[in-house]
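In what follows, a single structure is set out as structure tokens and then discussed.
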Amino acid sequence: MLKQVIDRAIAEHFQTDEKELYDLNLGPSHPATHGILENRVKLDGERIVKCEAHIGYCHRSFEKLSEHYSYNQVITITDRMNYVSSMANNIGWTLAAEKLLGIEVPKLVQYVRVIMLELNRIIDHLIRTGILGVDAGAYTGFLYFMEQRERAYKIIERMTGARLTTTFGRVGGLDKPLYPEFKEDILEWLKPLPKVIKEFHTLLTRNRIFIERTRDVSPMTEARALEYGFTGPNLRATGCNYDLRKHEPYSSYEDFDFKVILGTTGDVYDRYMVCMDEMVESIKIIEQAVNNLPDGPYHADVPEIFLPEKKDVYSNMEAMIYHFKIIMHGINPPVGEVYQAVESPNGELGFYAVSDGGPNPYRLHFRSPCLYYYQAIEEMLEGGLIADAIMTMSSINVIAGELER
Amino acid sequence: MNEIGAFIIEKSAVGVFVFIVLLTIVAYATLGERKIAGFFQDRHGPNRAGPWGLLQVVADGVKFFMKEEFNPDRANKVLFIIAPTFTFMAAGFLMAVIPFGDRMIIGGREVLLQLADINIGILYILAIGSLGVYGIITGGWASNNKYSLMGGLRSSSQMISYEIAMGLAIVALILDHGSFSLRDIVLNQTGPIWNWSVFTHPIGFLIFLVATFAEASRVPFDLPEAENEIVAGYHTEYSAMKFGLFMFGEYVHMTLASGLIATLYFGGWSIPFVATPAEPGIFWGLLTFGVFWAKTLFFMFVFMWVRWTLPRFRYDQLMNLGWKRLIPLGLLNIFVMALILLWTGGAGMD
């Protein structure tokens, strides 16, 4: 009898003594979410007990919109996906369209694409590692990296006329010949980079506070990461050797000698280190590509697909006809479907296109790596502190524009 | 009556003089911080208002007054307005006991460049220093904002934890100097440079330095206002001059904390190897005043240097450092210092 009373009292006590959790909306507009991402978290003190991730604040229905665009116009849409490294998106889409059309582009074009992909990988990783420092509270290193990024933008601006929305390349080649000092500009840009990366290492990598903030924060096992569909640096940080540049080489990546950087535990520190070391590898690739840059035409010899030069249009009968055909009827690939993925700085960026033989794609799907990372965010944040949540979100480098397309 | 009148005139003159100098230095510390940040980050810093951006301070002040006074709906209005003033005052009160300079003789009257040489100066500093947290936690609570509340809570737990470590470092210092009066501590450090407490209390100095950073909530201990985590912490909802007071109060705190480091561990206004002249005139007074500020400015530079170099701690790491490292180290420091004094029969043994 007495035991029952005591038991009931204990049960009631524990029921009423349940901790009251604190609701907090981390986002959609929060200084550290870097984009409009929302995490509804339940807090016990500073510890995140439960997290609910919400997306959809930045959805612009790119895939549907693209169904009304011609194959070359879609390039402008891919600009707006991952705006931190927009050239990787442009190149990915042009490769997909070329695969659909069955075009083989000249070696020069392939090498220039490799150079620009790696340049974009470097500038993406510069901002990614720099921002991780900012989120940890160390602002200075970020500006050292931003300066290098700014110098890269000078080259990008010179090549394409724009900084972020580059619309680089066309289906079948580059949009225009390379400017004469291209090689020198790239080599000059590369020159101070190793020193700056080393400086950043001394500032942050071996800093005790930074290591303690990042080590064992939101670790990820290889198996779990594969289940979520991780790719890119976030997967390689777990130790999984998966790099499209090695395993499904495109655009002459097989010509270059580079290492795939791997981590072990998949925590924030490993993701950071993978990115830092990948920059060094990218520098090597660019050096090889620039030094072996072949001569040749800047586009494939496909007059029915690639627009002729303007001066030919006014003087050459055939060029004028092709110009008229491409402008009025567009590029009409054969009926079929294609999937082409590139190792974008953020991971496997895939383009799936279905053609019905018309000038516009029938159906499109963009596989954006961020979407797969962001699925794991709930699991990664739960059990950590708020400060860990910020570091985790920053380290997986989710770009809202790419996540939601 | 004449004596009292002269006393009032003397203290008000010193007070106004010190206050004006302090406010000027604090105002220019905000500019200095941005210039130094620019120096570290390969950029210019403010350089538009006046030559080298010297009028930036004025521009900032004008801007703070011109901005809209925004009070959040359902905030506790009274506490919301009191909080920043409280923080500012608590920081400013520290000024009262800091010895800014030596005594000097003006017109046959001995004038001390210190507002009040009370015999419990250090206790006063510990007491007033702890008051600052009330302004922050009140502001965080009164804003009726979740991020503000978290900032306030972080701040209160941080300040309370590090005050203990700071107190322990000071206890060892008091054992050595045998006085709570800041002037006595400075006088004990005159003479050769190795008389400075930093050479006799290296561990105590490190503990005090770290605790001071935490007390002034500067990087790496700026958790109460970590902009990447909790937006702007306790002053998320503050705008216009109310925010200005918070910011200004923080700089006053930093300036006086630097002054305190200089006073307690680096000989305050004293000049190594130079003794006070028999008839210290106004020149001597101003010289010691300048020496005090030179040392203080150096520590302010250290504060800024650290801010633009280090990342910040996480909440649990901060607590671990305070409770598991600094406090045991502080206790050990007292123990060792007491043993040494027992052996040598130091000042505290009289």
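The values are calculated or read from the model by the stated rules, or taken from the named source; none is laboratory data. A quick note: this is a predicted structure, and the numbers were derived from the prediction, not measured. All Cβ positions, glycine included, derive from the backbone under ideal geometry; neighbour counts span all protein chains shown.
For segment B:21-63, a residue qualifies if it is of a type in the set (A, V, I, L, M), more than 16 Å from the chain's Cα centre (by Cα) and over 22 Å from B:F246 (Cβ atoms), and the qualifying residues are B:A49, B:L54, B:L55. Among the residues making up segment B:303-331, those that are away from chain A (no Cβ under 14 Å), in contact (Cβ under 8 Å) with a residue 40 or more places away in the chain and either over 22 Å from A:R213 (Cβ atoms) or not aliphatic (A, V, I, L, M) (or both) are B:F303, B:G322, B:W323, B:I327, B:L329, B:G330, B:L331. When segment A:285-294 is filtered for residues that are in a helix (DSSP H, G or I) and not small (G, A, S), the ones remaining, listed by number, are A:I285, A:I286, A:E287, A:Q288, A:V290, A:N291.
Being at positive phi and not acidic (D, E) holds for only one residue in B:G108, B:G61, B:G92, B:G132, and it is B:G108.
Mind checking which residues of segment A:139-168 are within 14 Å of chain B (Cβ to nearest Cβ) and more than 20 Å from B:W308 (Cβ to Cβ)? Listed by number, the list holds a single entry, A:R151. For B:V14, the conditions (1) in contact with a Lys or Arg (Cβ under 9 Å, 6 or more places away or on another chain); (2) hydrophobic (A, V, I, L, M, F, W, C); (3) surrounded by 16 or more Cβ atoms within 10 Å (Cβ to Cβ) all hold with the exception of (1). Scanning for something touching a Ser or Thr at 6+ places or on another chain (Cβ under 6 Å), small (G, A, S) and closer than 19 Å to A:Y269 by Cα, does segment A:164-182 turn up at least one residue? No.
Looking at segment B:195-209, can you tell me whether even one residue there is more than 30 Å from B:L79 (Cβ to Cβ), touching a residue at least 24 places away in the same chain (Cβ under 8 Å) and of a type in the set (G, A, S)?
Residues of segment B:195-209 that are more than 30 Å from B:L79 (Cβ to Cβ), as a first pass: B:195-209.
Next, only the ones that are touching a residue at least 24 places away in the same chain (Cβ under 8 Å) stay: B:195-198, B:200-201, B:203-205, B:207-209.
Pick out the ones that are also of a type in the set (G, A, S) and you get B:197, B:204.
Within segment B:195-209, one or more residues are more than 30 Å from B:L79 (Cβ to Cβ), touching a residue at least 24 places away in the same chain (Cβ under 8 Å) and of a type in the set (G, A, S).
When A:G173 is tested against (1) more than 21 Å from the chain's Cα centre (by Cα); (2) away from every other protein chain (no Cβ under 14 Å); (3) in contact (Cβ under 8 Å) with a residue 40 or more places away in the chain; (4) surrounded by fewer than 21 Cβ atoms within 10 Å (Cβ to Cβ), exactly one condition is not met: (4).
Looking at the structure I just gave you, is B:F19 within 24 Å of B:F301 (Cα to Cα), more than 14 Å from every other protein chain (Cβ to nearest Cβ) and surrounded by fewer than 18 Cβ atoms within 10 Å (Cβ to Cβ)?
Numbers: within 24 Å of B:F301 (Cα to Cα): yes; more than 14 Å from every other protein chain (Cβ to nearest Cβ): yes; surrounded by fewer than 18 Cβ atoms within 10 Å (Cβ to Cβ): yes.
Here the answer is yes, as B:F19 does meet what is asked.
Take the residues of segment B:48-57 that are in a helix (DSSP H, G or I) and either under 23 Å from A:Q148 (Cβ atoms) or of a type outside the set (S, T, N, Q) (or both): which is farthest from the other protein chains (Cβ to nearest Cβ)? Per the criteria, the residue is B:P51.
Can you tell me which residues in segment A:240-256 are over 24 Å from A:R271 (Cα atoms) and assigned to a helix (DSSP H, G or I)? The answer is A:E254, A:D255.
Under the condition of being of a type in the set (S, T, N, Q) and out of contact with any Phe, Trp or Tyr (no Cβ under 9 Å at 6 or more places or on another chain), which residue from segment A:258-310 is nearest to A:S218 (Cα to Cα)? Residue satisfying both the conditions and the ranking: A:T265. Here is the figure for segment B:7-47: residues that are more than 25 Å from A:G141 (Cα to Cα) and assigned to a loop (DSSP other than H, G, I, E, B) total 0. Kindly check whether there is at least one residue in segment A:216-239 that is closer than 18 Å to A:D277 by Cβ, of a type outside the set (G, A, S), outside any helix (DSSP H, G or I) and within 14 Å of chain B (Cβ to nearest Cβ). For segment A:216-239, residues closer than 18 Å to A:D277 by Cβ, of a type outside the set (G, A, S), outside any helix (DSSP H, G or I) and within 14 Å of chain B (Cβ to nearest Cβ): absent. Within segment B:66-86, residues that are assigned to a loop (DSSP other than H, G, I, E, B) have Cβ atoms under 8 Å from residues that are β-branched (V, I, T) in no pair, counting only partners at least 6 apart in sequence or on another chain. Do any residues in segment B:225-238 that are within 10 Å of chain A (Cβ to nearest Cβ) have Cβ atoms under 6 Å from those of residues that are in a helix (DSSP H, G or I) and aliphatic (A, V, I, L, M), where the two are at least six apart or on different chains, and which pairs are they? Matching pairs, first to second residue: B:N228/A:I390; B:E229/A:I386; B:E229/A:A387; B:E229/A:I390; B:I230/B:M150.
I'd like to know if segment B:39-47 contains one or more residues that are touching a residue at least 24 places away in the same chain (Cβ under 8 Å) and within 12 Å of another protein chain (Cβ to nearest Cβ). The answer is yes, given that some residue of segment B:39-47 is touching a residue at least 24 places away in the same chain (Cβ under 8 Å) and within 12 Å of another protein chain (Cβ to nearest Cβ). I'd like the full set of residues that are part of a helix (DSSP H, G or I) and either among the acidic types (D, E) or modelled with pLDDT of 75 or more (or both), limited to segment A:7-44. A:D7, A:R8, A:E12 - these are the residues of segment A:7-44 that are part of a helix (DSSP H, G or I) and either among the acidic types (D, E) or modelled with pLDDT of 75 or more (or both). Segment A:70-143 holds helices (runs of 4 or more DSSP H) entirely within its bounds, and those carrying 1 or more residues that are crowded, with 24+ Cβ neighbours inside 10 Å, touching a residue at least 40 places away in the same chain (Cβ under 8 Å) and charged (D, E, K, R) map to A:86-101, A:107-136.
Does A:G92 satisfy the condition of being in contact with a Ser or Thr (Cβ under 9 Å, 6 or more places away or on another chain) and away from every other protein chain (no Cβ under 14 Å)? Step through it out loud before you land on a result.
Details: in contact with a Ser or Thr (Cβ under 9 Å, 6 or more places away or on another chain): yes; away from every other protein chain (no Cβ under 14 Å): yes.
Judged against the criteria, A:G92 is a match.
Please give the number of the condition B:A294 fails out of (1) under 23 Å from the mean Cα position of the chain (by Cα); (2) assigned to a helix (DSSP H, G or I); (3) within 14 Å of chain A (Cβ to nearest Cβ). Against the list (1) under 23 Å from the mean Cα position of the chain (by Cα); (2) assigned to a helix (DSSP H, G or I); (3) within 14 Å of chain A (Cβ to nearest Cβ), B:A294 comes up short only on (3). Selection of segment A:24-49 for residues being polar (S, T, N, Q) and within 12 Å of chain B (Cβ to nearest Cβ) yields A:N25, A:S29, A:T33. Would a scan of segment B:133-146 turn up a residue that is out of contact with any Pro (no Cβ under 9 Å at 6 or more places or on another chain) and either among the charged types (D, E, K, R) or in a loop (DSSP other than H, G, I, E, B) (or both)? Within segment B:133-146, one or more residues are out of contact with any Pro (no Cβ under 9 Å at 6 or more places or on another chain) and either among the charged types (D, E, K, R) or in a loop (DSSP other than H, G, I, E, B) (or both). Could you go through segment A:192-215 and let me know if any residue there is in a loop (DSSP other than H, G, I, E, B), more than 14 Å from chain B (Cβ to nearest Cβ) and either touching a strand residue (DSSP E or B) at 6+ places or on another chain (Cβ under 6 Å) or farther than 26 Å from A:E309 by Cα (or both). So far as segment A:192-215 goes, no, none of its residues is in a loop (DSSP other than H, G, I, E, B), more than 14 Å from chain B (Cβ to nearest Cβ) and either touching a strand residue (DSSP E or B) at 6+ places or on another chain (Cβ under 6 Å) or farther than 26 Å from A:E309 by Cα (or both).
Number of residues in segment A:292-346 that are over 30 Å from A:Y253 (Cβ atoms), among the acidic types (D, E) and exposed (fewer than 14 other Cβ atoms within 10 Å of the Cβ): the value is 1.
Residues in segment B:184-200 that are aromatic (F, W, Y) and either at pLDDT 85 or above or within 14 Å of B:W269 (Cα to Cα) (or both): how many?
Number of matching residues: 2.
Quick check on my filter: what residues within segment B:87-114 are crowded, with 18+ Cβ neighbours inside 10 Å and part of a loop (DSSP other than H, G, I, E, B)? Within segment B:87-114, B:I98, B:P99, B:F100, B:G101, B:D102, B:L113, B:Q114 meet the criteria.
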